[in-house]
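The values are calculated or read from the model by the stated rules, or taken from the named source; none is laboratory data. Please read these numbers as outputs of a predicted model, since none were measured by experiment. Using ideal geometry, Cβ is built from the backbone for each residue, glycine included, and neighbour counts are taken over all protein chains shown. Ligands, DNA and RNA are stripped out before the accessible areas are found, and what is left, the full protein with its side chains, is counted by its heavy atoms. Shrake-Rupley method; radii C 1.70, N 1.55, O 1.52, S 1.80 Å.
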Amino acid sequence: MGENRKPAKSWLYRATRILQDAGRWRLIATAAVLLIALLCARFSWDYVPVIRDAERSLYDFRMTAFAPRVDQDPRIVLVVYNDQTLIATRKRSPLDRALLAKALRNLDTLRPKSIGIDILIDQPQDEDAELIAALRAMKTPTYLGYAGITDNVDQIIYEQQQYLESFFKAVSTEKVKPSSIRLEADADNVMRSWPAQLATLPTILVQAMAPSPAFTKYRGSIRYRLPADPDRPVFASFPIDLFADPAVGSAFADQIRGRHVMIGGDIVDNDQFETPMSAQTGKSMIGLEVHANMLAQSLDGAALTRVPGWLLWGIAFLAVLAAGFTSLTELRWYALAPYLIVQAILFGGLPFWFQSSGWDTQGVPAIGWALGWILAFAAVGSAARAVGSQQRRFAQSALGKYLPRDIAAQILQEPEKLALHGEKRAIFVVFTDLEGFTKLSHAIAPEMVAQLLNRYLDSLSDVVLAHGGTIDKFVGDAVVAFWGAPISRPDDGMNAAKAAYAMWEAGEAFRKDIPDGVPPIGKTRVGLHYGEAIVGNFGGEGRIQYTALGDSMNTAARLEAANKSLHSNMMASREAMERSGLEWWRPMGRVILRGRAKPVEIFEPVPDFPASDRDHLTTILKRVEEDRAGALQDLIALVMRHPQDTALAHLLYRIEQTEDGDAYVLG
């Protein structure tokens, strides 16, 4: 019985001692920090900029994780101007209105339920008379995009507004009416919420097409959906060209009849928006499809309910209270761990439970709860919970600059694991390089160069350390890292491969997040190889200079450089691929790296490339020597199925340029 009461007695004793002996000013300071912790736990989404960005990212992850996986929506059809349309019409901006007029006439005969047009007619064109005639003849309820100069000062000038108004006077009928196509992005340019219905604008497009009382004043989250089958998008989409010809358009009568038709652009680098799913899918979404998601949500009556404010206050208070109680307990880590785990599951899992239950979790301060917990724990806790001696903290920090934290801690306990003179080890080596950074550094201020470079190297270093790697060195904007020393692990190959790919992803994220005025930054190229190297301290006993030397380092560097010629982002040798334990690799032939004579089999990580196509590519490459013509035909067909895959196209080029079985020599 005495053991069961010990934690309670310990907590009560320490709480009483703090109240009695801390002193007035320390109590005031502690109370102030606790108040800050409570406010952070409640309002981090609204008033803490850095945390707000993290909250949004976590919301995006929750939304994507629990987004409904659905078959193609039978109620909504997209009719789009695409890049092929622009090439055919030889017009980019404004879009060809004669084509729109023809399509509207033919769509009208196919009896859709409604038509929404996400296009602004804000400047005169020669074919306007034809479009006006088509709109005035419409029998289908048609809603044409409208925007006001007061709400789009940076995008619409007075003359455009005047023409827009005059055009609507010319086309407005009982069936043709204006509708607002305004969307609202968050400060990070992500489309998460429905736009406000402004009094100065007509009804928003989706409400005009399918009015729903539940969404009249709705400002909550857009309910995005993901396709159950990746090859079958949520919304059917057809090029507008198909409907310009009545004979061709009539063949799609079943796809149009009784459905809501939305017309707009699906053009590269135009009207593209980030969505909560973009961080995980890597894809943006056209504005027309954002409207389509809102329309589908309205048709489903899926107005999401926000988590009540009183409940958020209660959870924030509970997080601060739990942190205070936890910090006052005098338990060893193994006894304290269950309490921490329960709290982590509770506060970490609540937002996901809310999301899975159909709540709108925008505004749920999930990270704020963690931050409030940490602040409260620190405010109430004692110095005994701090780390060890200053010397140990310094040593841990110094090693942690280039070693994972757990390896650094192990070396501090067992220094002999860090070879001081070099030893031969089999390691996985990763080389990266940022394309065009040297040229960029001459185009911007030195201070900006330093700021960008530090941020870039920090992000890649975090990836290396998070995957258990050792940072060898930085060479300008290049990062050199390896796995397998000073301590090797069974999963080094997998961690190295995942880290290499994650470093490329981090580079892509860095490219998208640069300050205004900085020219575009090139992509990050990555090379991965496995082989022997001499690893150890080559700077002397007085200074730890841990690095690796040998041919494996050179091979990894040349694999990285080969990406430029191969039109790829990351390449790995067969030695590294076979030891990674991952199934995402596709063979990319044999090449002779620059400065080498022996061919190297190279492989590219393509997690999004269909597994069946990876297997088919492997079979094709095995057939090249026996049936070159047949293998080439199959490879051409595979390339045609993936027209955007530049690395695959270059593989075809290399095989066409070499004799049977020969390796392609990189210049």
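Split the accessible area of the stretch 464-508 by element, probe 1.4 Å, and carbon with sulfur accounts for 58%. For the peptides 463-474, 520-531, the ranking by mean Cβ contacts within 10 Å, running from highest to lowest, is 520-531, 463-474. Excluding ligands, DNA and RNA, the accessible surface per residue across the stretch 32-127 is 46 Å² with a 1.4 Å probe.
Remark: C-alpha extents of the stretch 565-667 on the principal axes read 34, 32, 24 Å, sorted largest to smallest.
The residues of the stretch 185-335 present an accessible area of 45 Å² per residue when probed at 1.4 Å with all protein chains retained. Note on the stretch 481-505 and the stretch 596-664: Cα centroid distance 27 Å, given to the nearest whole angstrom. Classify the stretch 432-497 as rounded, prolate or oblate, taking a ≥ b ≥ c as the square roots of the eigenvalues of its Cα gyration tensor: rounded when a/c is under 1.5, otherwise prolate if a/b is larger than b/c and oblate if not. Since a/c reaches 1.5 and a/b is larger than b/c, the shape of the stretch 432-497 is classed as prolate. Sorting Arg511, Arg92, Arg623, Arg97 by accessible area puts them as Arg92, Arg511, Arg623, Arg97; the probe is 1.4 Å, largest comes first, and only protein heavy atoms count.
The distance between label points at Arg219 and Gln161 comes to 2.3 nm (points 7 Å beyond Cα on the Cα→Cβ vector).
Pair-distance distribution of the chain: all C-alpha pairs, bin width 10 Å, starting at 0; shares per bin in whole percent are 3, 12, 17, 20, 20, 15, 8, 4, 1, 0.
Considering only protein heavy atoms and a probe of 1.4 Å, how much of the accessible area of the stretch 144-197 is carbon and sulfur, as a whole percent? Here carbon and sulfur together make up 49 percent of the probe-accessible area.
Would you please classify the overall shape of the stretch 74-216 from the alpha carbon gyration tensor, given that a ≥ b ≥ c denote the square roots of the eigenvalues, rounded means a/c under 1.5, and beyond that prolate means a/b larger than b/c while oblate covers the rest? Rounded, since a/c falls under 1.5.
Val48 sits among other residues whose Cβ lies under 11 Å from its own Cβ, and their net charge, with Lys and Arg +1 and Asp and Glu -1, is -1.
Taking the protein heavy atoms of the stretch 524-667 in the context of the full set of protein chains, the accessible area attributed to carbon and sulfur is 48 percent at 1.4 Å. Net charge in the neighbourhood of Gly358 (other residues with Cβ under 13 Å of its Cβ; Lys, Arg +1, Asp, Glu -1) is +1.
Each helix, a run of at least 4 DSSP H residues, gives -39500 (n - 2.57); summed and divided by the residues of the chain, these come to -15000 deg cm²/dmol at 222 nm. Once C-alpha pairs closer than 8 Å and six or more residues apart are averaged by separation and normalised to the residue number of the chain, the relative contact order reads 13 percent. Rolling a 1.4 Å probe over the protein heavy atoms leaves Leu346 with an accessible area of roughly 80 Å².
Within the stretch 498-591, the proportion of Cα pairs with more than 17 Å between them is 61 percent. What FRET efficiency comes out for Lys473 versus His567 if R0 is 30 angstrom and r is the Cβ-Cβ distance? Round to the nearest 0.05. Rounded to the nearest 0.05, the efficiency is 0.60.
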